[in-house]
Amino acid sequence: MAIYGPQARRRRTLILVRVAGLVVGAVLGAVAGRSSAPTVEDRVRSVRGEARAISSQLRVVSIHEEENASSLGNGDAGADLALRRTETDLRRLFRRAPWVPSKAAADLVADTAALRAAAPGQARTPAFGKQVDGLADRIETTFGASP
């Protein structure tokens with residue numbers, strides 16, 4: 001003998017099961033999403049690591065200038081390329097670093113562009129190497145990436 005319940009009770013049970021499933025799914029999805037999302041510390045660490053990489057690239061240019069390295073050849077293309085890359089990387093990095101004031105960001109980009117403009121004819125001088133080193137120091141300080 002089969003036991004049948006009223007249709008209203010079956011419908012109510014079905015609705016409750018569906019709502020409970022949605023709630024459990026939403027909670028599990030939120031927990032999984034939060035646990036896999038990068039934390040603020042992860043983001044800051046990543047930005048600071050990239051700032052260190054940018055300043056390291058500039059220090060290589062500075063060392064090459066001081067040593068009058070043969071890789072410089074007859075022109076200043078190496079310094080120009082490094083400073084162009086630095087300018088591009090800084091613009092991208094500032095979008096990921098909201099703690100850096102916009103004035104500091106604009107000053108760094110402007111100083112990089114001014115140094116790049118001064119590179120032709122001066123890139124092989126010790127004074128230029130010191131300016132590049134100073135820019136690398138300022139980048140590390142601005143992002144809080146100083147060792």
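The values are calculated or read from the model by the stated rules, or taken from the named source; none is laboratory data. Quantities reported herein were computed from a predicted structural model and do not represent experimental measurements. Every residue, glycine among them, receives a Cβ derived from its backbone with ideal geometry; neighbour counts consider all protein chains shown. Remember, those area values only see protein heavy atoms, side chains included, never the ligands or the DNA or RNA. Shrake-Rupley method; radii C 1.70, N 1.55, O 1.52, S 1.80 Å.
Quick rundown of the values:
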| read-out | value |
| --- | --- |
| Residue 31 vs. criteria open to solvent by 80 Å² or more (accessible area, probe 1.4 Å) and modelled with pLDDT of 85 or more | yes |
| Residue satisfying all of: in the range 45-96; of a type in the set (D, E, K, R) and at pLDDT below 75; most open to solvent (accessible area, probe 1.4 Å) among these | 67 |
| Any hit, the range 3-12, residues being open to solvent by less than 50 Å² (accessible area, probe 1.4 Å) and in a helix (DSSP H, G or I) | no |
| Matching residues in the range 127-137 - criterion: being open to solvent by less than 90 Å² (accessible area, probe 1.4 Å), of a type outside the set (Val, Ile, Thr) and touching a residue at least 24 places away in the same chain (Cβ under 8 Å) | 128, 129, 133, 135, 136, 137 |
| Within the range 106-123, considering residues that are surrounded by fewer than 14 Cβ atoms within 10 Å (Cβ to Cβ) and part of a helix (DSSP H, G or I), the one modelled with the lowest pLDDT | 117 |
